[in-house]
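Novice: Sending over a structure as structure tokens; questions will come in a sec.
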Amino acid sequence: MAQRFEVHPDNPQPRFLRQAAQKLQAGGIGAIPTDSSYALVCRLDDKAAAEQLRRVRGVDDKHHLTLLCRDLSELATYAMVDNKQYRLLKLATPGPFTFILPATKEVPRRLSHPSRRTIGLRVPEHHVTQELLAIFGQPLLSTTLILPGETEPLNDAEEVYERLERQLEVVLDAGACPARPTTVIDMSEDTPVVARLGRGDPGRLGLVVEDSSGKP
């Protein structure tokens with residue numbers, strides 16, 4: 001049964017964040033706010049929790065999960081990044097961008113793409129997410145909170161709680177999020193490619209989207 005914590009979006013109560021972190025550390029699945037939408041999260045190194053996260057989201061092992069990192073230094077621990085890529089990442093973080101990059105050995109093989117050995121990574125800008133990551137002390141494995149058969153992410157924490165209270169251990173309620181997914185930049189090859197246009201502006205990175213419709 002999920003426990004719901006109502007936290008201030010700019011000044012979240014530390015005691016609630018600590019309790020949420022403890023539940024995640026113990027192997028729980030949580031729903032938290034980010035600068036794009038609510039996300040499902042769990043411990044990076046907990047196989048059972050990661051499998052439960054995929055079940056709730058309704059995705060298989062070919063779906064890229066994302067590591068929520070506190071900063072670029074932490075991101076570089078889990079992804080292979082050269083100097084050129086690092087400069088690009090610096091322009092976009094923190095912010096509503098997800099980057100597909102080759103995973104390092106710090107990422108369990110079961111979490112990376114089975115054929116490409118890549119992983120999604122991002123540094124979110126939402127203050128609640130940042131504070132939770134600081135308390136947790138390591139990246140959180142995440143995926144956008146879109147339920148099976150639906151196309152839009154859940155953006156109301158009360159609805160998240162009502163629909164998923166038996167599948168989650170914690171819901172951090174910080175009010176509504178922008179409810180638009182991140183822009184996904186595939187940096188696994190020599191030239192960065194906009195794989196999905198979302199809230200982040202690729203122009204900030206000097207990238208041009210070929211499909212003017214903005215569809216992935």
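The values are calculated or read from the model by the stated rules, or taken from the named source; none is laboratory data. If you're wondering where the values come from, they're calculated on a predicted model, not measured in any experiment. Glycine gets a Cβ as well: all are built from the backbone with ideal geometry, and neighbour counts include every protein chain shown. We work out accessible area using only protein heavy atoms, side chains counted, and drop any ligands, DNA or RNA first. Shrake-Rupley method; radii C 1.70, N 1.55, O 1.52, S 1.80 Å.
Novice: Take the chain, connect every pair of alpha-carbon atoms lying under 10 Å apart with a spring to form a Gaussian network, then pick out the residue of Thr93, Thr77, Thr191 with the largest mean-square fluctuation.
Specialist: Sorting by GNM fluctuation, first place goes to Thr191.
Novice: Additional query: Report the paramagnetic label zone for Lys47: residues of the range 102-125 whose backbone N is under 15 Å from a point 7 Å from Cα along the Cα-to-Cβ axis.
Specialist: What the label zone holds, given the 15 Å backbone N cut-off, is 108-112.
Novice: While we're looking at this one, here's another question. When only C-alpha pairs under 8 Å and at least 6 residues apart count, what is the relative contact order of the range 80-201, in percent? Show your work: numbers first, answer last.
Specialist: On the way: 148 pairs, mean separation 33.1, N = 122.
The normalised contact order for the range 80-201 reaches 27 percent.
Novice: Moving on. Hey, what did the chain get for relative contact order, percent, Cα under 8 Å, at least 6 apart?
Specialist: Working: 456 pairs, mean separation 68.3, N = 216.
Reported as a whole number, the value is 32 percent.
Novice: Please work out whether the range 62-143 counts as rounded, prolate or oblate from its C-alpha gyration tensor, where a ≥ b ≥ c are the square roots of the eigenvalues and a/c under 1.5 means rounded, while otherwise a/b larger than b/c means prolate and anything else oblate?
Specialist: oblate
Novice: Okay, next question. Quick one: dipole size for the range 23-151, taken about the Cα centre, charges +1 on Lys/Arg Cβ and -1 on Asp/Glu Cβ, in debye to the nearest 20. Let's see the in-between values first.
Specialist: Details: 17 positive and 13 negative charges, 84 e Å.
My answer is approximately 400 debye.
Novice: Could you look at the chain and say what percent of its accessible area is carbon and sulfur, using a 1.4 Å probe and all protein chains?
Specialist: Working: 4640 of 10290 Å².
Of all accessible area on the chain, carbon and sulfur atoms account for 45 percent.
Novice: Could you give the size of the charge dipole of the chain about its Cα centre, using +1 on the Cβ of each K and R and -1 on the Cβ of each D and E, expressed in debye and rounded to the nearest 20? Could the numbers behind the result be given before it?
Specialist: Details: 27 positive and 29 negative charges, 126 e Å.
Once rounded to the nearest 20, the dipole reads 600 debye.
Novice: For the range 80-207, max minus min Cα coordinate along each principal axis, in Å, sorted largest first?
Specialist: On the principal axes, the range 80-207 reaches 45, 33, 32 Å in Cα extent.
Novice: Let me ask something else about it. Any idea what Rg and Dmax come out to for the range 14-95 if you just take the C-alpha atoms, in Å?
Specialist: 14.5, 40
Novice: Once you treat every alpha carbon in the chain as an equal point and sum by Debye, what is log10 I(q)/I(0) at q = 0.07, 0.08, 0.09, 0.17 Å⁻¹?
Specialist: -0.19, -0.25, -0.32, -1.20
Novice: Oh, and also: Projecting each Cα onto the charge dipole of the range 42-105 (Lys/Arg +1, Asp/Glu -1 at the beta carbon, about the Cα centre), which of Val59, Ala79, Phe97 comes out farthest on the positive side?
Specialist: Checking the options against the dipole of the range 42-105, the answer is Phe97.
Novice: With n ≥ 4 as the cut-off for DSSP H runs, can you work out [θ] at 222 nm for the chain, using -39500 (n - 2.57) per run divided by the number of residues, rounded to the nearest 500? Could you put the intermediate results ahead of the total?
Specialist: Numbers: 6 runs with 58 residues, N = 216.
About -8000 deg cm²/dmol.
Novice: Just how far, in whole angstrom, is the range 178-209 from the range 29-98 if you go by their alpha carbon centroids?
Specialist: 15
Novice: Give a quick list of trypsin sites (Lys or Arg not before Pro) in the range 128-216 that DSSP marks as loop, anything other than H, G, I, E or B, with at most 14 other Cβ atoms within 10 Å. Provide the component values of the computation, followed by the final result.
Specialist: Details: sites: Arg163, Arg166, Arg196, Arg199, Arg204; in loops: Arg166, Arg199.
When the trypsin sites (Lys or Arg not before Pro) of the range 128-216 are filtered for loop state and at most 14 Cβ neighbours within 10 Å, Arg166 remain.
Novice: Next question, about the same structure. For the range 1-44, what percent of Cα pairs sit more than 16 Å apart?
Specialist: Numbers: 348 of 946 pairs.
Above the 16 Å cut-off, the range 1-44 has 37 percent of its Cα pairs.
Novice: Continuing with the same structure: How about the range 49-103: which chymotrypsin sites (Phe, Trp or Tyr not before Pro) there are in a DSSP loop, with at most 13 other Cβ atoms within 10 Å of their Cβ?
Specialist: On the way: sites: Tyr78, Tyr86, Phe97, Phe99; in loops: none.
Within the range 49-103, no chymotrypsin sites (Phe, Trp or Tyr not before Pro) qualify (loop, at most 13 other Cβ atoms within 10 Å).
Novice: Where does helix 47-57 land angle-wise versus the long Cα axis of the chain, in degrees 0 to 90, nearest 10?
Specialist: Roughly 90 degrees, rounded to the nearest 10.
Novice: To continue, here is another question. Check the straight Cα-Cα distances from Lys47 and name the lysines below 25 Å, setting aside those fewer than 8 residues away within the same chain.
Specialist: The reachable lysines, counting only those whose Cα sits under 25 Å from Lys47, are Lys23, Lys62, Lys105.
Novice: Okay, moving on. Where in the range 59-81 is the amide nitrogen less than 17 Å from a point lying 7 Å along the Cα-to-Cβ axis of Ser115?
Specialist: Hits in the range 59-81 for Ser115 at 17 Å: 60-65.
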